[in-house]
1. Take peptide B:23-33, look around each residue's Cβ out to 10 angstrom, count Cβ atoms belonging to other protein chains, and average those counts.
2. Mean residue ellipticity at 222 nm from the helices of chain A, using -39,500 (n - 2.57) per DSSP H segment of n ≥ 4 over the full residue count, to the nearest 500 deg cm²/dmol?
3. Sorted from fewest to most neighbouring beta carbons within 10 Å, what does the list B:Arg24, B:Arg126 look like?
4. Looking at chain B as a GNM with Cα springs under 10 Å, which of B:Ala62, B:Ala79, B:Ala107 has the largest mean-square fluctuation?
5. Let me know the mean shielding of A:43-52 by other chains, meaning the per-residue number of their Cβ atoms within 10 Å of its Cβ.
6. Taking each residue in A:33-42, count the Cβ atoms of any other chain within 10 Å of its Cβ, then average. What number comes out?
7. Tell me the mean residue ellipticity at 222 nm calculated for chain B from its helices only (DSSP H runs of n ≥ 4, each -39500 (n - 2.57), averaged over every residue, nearest 500).
8. Sort out for me the Cα centre separation of the range A:217-259 from the range A:266-297, rounded to whole Å.
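Just so you know, all these numbers are worked out from the coordinates, no wet-lab data involved. The shown structure was predicted, so the numbers you read here are calculated from the model rather than taken from an experiment. Cβ atoms come from the backbone with ideal geometry, glycine included; neighbour counts cover every protein chain shown.
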Amino acid sequence: MTTSVPVEPSDYAHPEKLVSTKWVAEYKDHPNVVLLESNEDTLLYSTGHIPGAVKIDWHTELNDPVTRDFIGPEAFAKMASSKGIGRDTTVVFYGDKSNWWAAYALWVFTLYGHEDVRLMNGGRDKWIAEGREITRDVPEIKTCDYPVVQRDDTTERANKAQVLESIGKLPLIDVRSNSEYTGETTHMAGYPQEGTLRGGHIPTAESVPWATAANEDGTFKSREELTKLYTEEANLGQSDQVIAYCRIGERSAHTWFVLRYLLGYESVRNYDGSWTEWGNSVGVPIVVGEEPGEAPN
Amino acid sequence: MPAQTLQVLDEIITDFQDLPEADRLELLLEFSDNLPEPPERYAGHEDEMEQVTECQTPLFLALEYSEDEDPIVTLIISAPPEAPTTRGFAGVLVEGLSGQRASAILAVPDDIPNKLGLTNALTPLRLRGMSALLGRIKRNITTHLS
């Protein structure tokens, strides 16, 4: 039986996708809400988390161990069930690093058509900075029956071939740091092992580092500020088809969330192969330097 | 005594390997929780320690040496609580290597991180971060001895 979980009003295009820490404090024990913590550091959950929150590990639980891809329908259903999630559960995601991995997990749930997914604005750091309760107690989970549903990769996800075809036709957004975009470095600061053979960006991609969408406390900027950043400065205009990418798709999941749900672009695809695929691929063009560059002939 | 040295580390490795895979992260968390705070004299002087840039989070390393020809090495590592995996690795190395002779530490195989049985639980990047930390420790010792 479904009990409806209140939407937190906001000025964003899809207020039903975002909640505040205050909202979480109020509704985390609602019978239809499951809180999922998704971090870059897999041990972080064990050092303390929001009471009642369940851990999800992007590396071991969302990725297929054999193929570089996400888990399949059966595995997804099993994973969701094991976390007490049913098809109509309101799943609220939050995590470290300004919600990169929370947005990434939310995005994967979206590929599986899970309708009521929400992100906690500001993530784990904001919750802790506000002095709210954390615990090491792992909640007891009542497993659910999650149906086996097919993943739909057509509307929110882009692959390499689609990106290649889109050069010069659709707007591309590169959300990595400036030095990664220009090709000065082949990795982001502090992550030197995740390098690629070549540095630079996909021809025509505009540079809008993910962090420009966030305030210092990790929350999202206002709708006006975001509109200025993306719609005006990054020349997206009213275009309803955008592809975002980064290094492995986690920072661009954050930008995907901004474009899709805070600004309301109808078609935004996250290219999760991102630079670790593109920068190592044979037969694809790149551009080095500050300018987006031209589509090759 | 190189054999002695490896014994401490070997015991830690055995502890990890004896656990079911799912529980190994819990043990790593214990090492993270138990990583000693750097001594007072380092407080606020992290910039004078060596920064391990290969790790995803700020990690600072300092080594202290006794006056011997083959000195006893004390390891001091500082890592923030938001980085428990990094702290856990640091804890393993501090417990396994600190207080041992330089020659013994240099003799430790470089692939120690892969022996903890965490290759499925952690991303390759994390494991390389730990290898990098061990590499830094050895480099610091080699430089000190030269």
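1. Numbers: counts 0, 0, 5, 2, 0, 3, 7, 0, 0, 5, 2.
For peptide B:23-33, the averaged partner shielding equals 2.
2. Working: 9 runs with 65 residues, N = 297.
The helix contribution divided over chain A gives -5500 deg cm²/dmol.
3. Values: B:Arg24 20, B:Arg126 24.
Lowest count first: B:Arg24, B:Arg126.
4. Judging by the Gaussian network model, the answer is B:Ala107.
5. Working: counts 14, 7, 2, 7, 8, 2, 0, 0, 0, 0.
If you average over the peptide's residues, the count of other-chain Cβ atoms is 4.
6. Details: counts 0, 0, 0, 0, 0, 0, 3, 8, 12, 10.
That average works out to 3.
7. On the way: 5 runs with 72 residues, N = 146.
Rounded to the nearest 500, the figure is -16000 deg cm²/dmol.
8. With the range A:217-259 and the range A:266-297 each reduced to a Cα centre, they are spaced 17 Å.
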